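S.K.: Please read through the structure below; I'll follow up with questions.
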Amino acid sequence: MSDGVHDPLRPSWLCDTCGEPWPCKSAKLYILNPYMATSISISLLVWDRFEQAAEDMPDTPAADLYDRMILWTRTWRMRNSIRPEEQPAD
């Protein structure tokens, strides 16, 4: 049952709340909010989910999963002019 966080349903990787391919727009906003301070944390989180999705959907081309699950973080970082060297120290 959904808790409103827009988590992925496995093994389909559709959003458990809205049914869109995960990460949906709401999931992206949720991911960005608690991890806003460091793009490295965001990258680690989405890479972990990418690996899980690749295991669950072995017939899906890796490039398609990459575009869906990781590419948006790079686009977001470029739009917000955040460079890794500008990230606050942990």
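The values are calculated or read from the model by the stated rules, or taken from the named source; none is laboratory data. Remember, it's a predicted structure, so these values are computed and weren't measured experimentally. Here the Cβ positions follow ideal geometry from the backbone for every residue, glycine too, while neighbour counts run over all protein chains shown.
S.K.: Any idea which of Ala37, Ala89, Ala63 is surrounded by fewer than 10 Cβ atoms within 10 Å (Cβ to Cβ), assigned to a loop (DSSP other than H, G, I, E, B) and either modelled with pLDDT of 75 or more or among the aliphatic types (A, V, I, L, M) (or both)? Can you show your working first?
M.R.: Values: Ala37 fails: surrounded by fewer than 10 Cβ atoms within 10 Å (Cβ to Cβ); Ala63 fails: assigned to a loop (DSSP other than H, G, I, E, B).
Exactly one residue qualifies, and that residue is Ala89.
S.K.: With Leu29, Leu14 as the choices, which residue is of a type in the set (A, V, I, L, M, F, W, C), surrounded by 11 or more Cβ atoms within 10 Å (Cβ to Cβ) and modelled with pLDDT under 95? Explain how you work it out, then say what you get.
M.R.: Details: Leu14 fails: modelled with pLDDT under 95.
Going through Leu29, Leu14 in turn, just one is of a type in the set (A, V, I, L, M, F, W, C), surrounded by 11 or more Cβ atoms within 10 Å (Cβ to Cβ) and modelled with pLDDT under 95: Leu29.
S.K.: Just the residues that are more than 16 Å from Thr75 (Cα to Cα), of a type outside the set (Asp, Glu) and under 13 Å from the mean Cα position of the chain (by Cα), please, taken from the stretch 7-32.
M.R.: Taking the stretch 7-32 first, the residues more than 16 Å from Thr75 (Cα to Cα) are 7-22, 26, 30.
Keeping just the survivors that are of a type outside the set (Asp, Glu) gives 8-15, 17-19, 21-22, 26, 30.
The answer is Pro8, Trp13, Leu14, Cys15, Pro21, Trp22, Ser26, Tyr30.
S.K.: Sticking with this one: For Glu55, all conditions in the list (1) at pLDDT 95 or above; (2) more than 17 Å from Asp7 (Cβ to Cβ); (3) exposed (fewer than 11 other Cβ atoms within 10 Å of the Cβ) hold save one; what is the number of the exception?
M.R.: (2)
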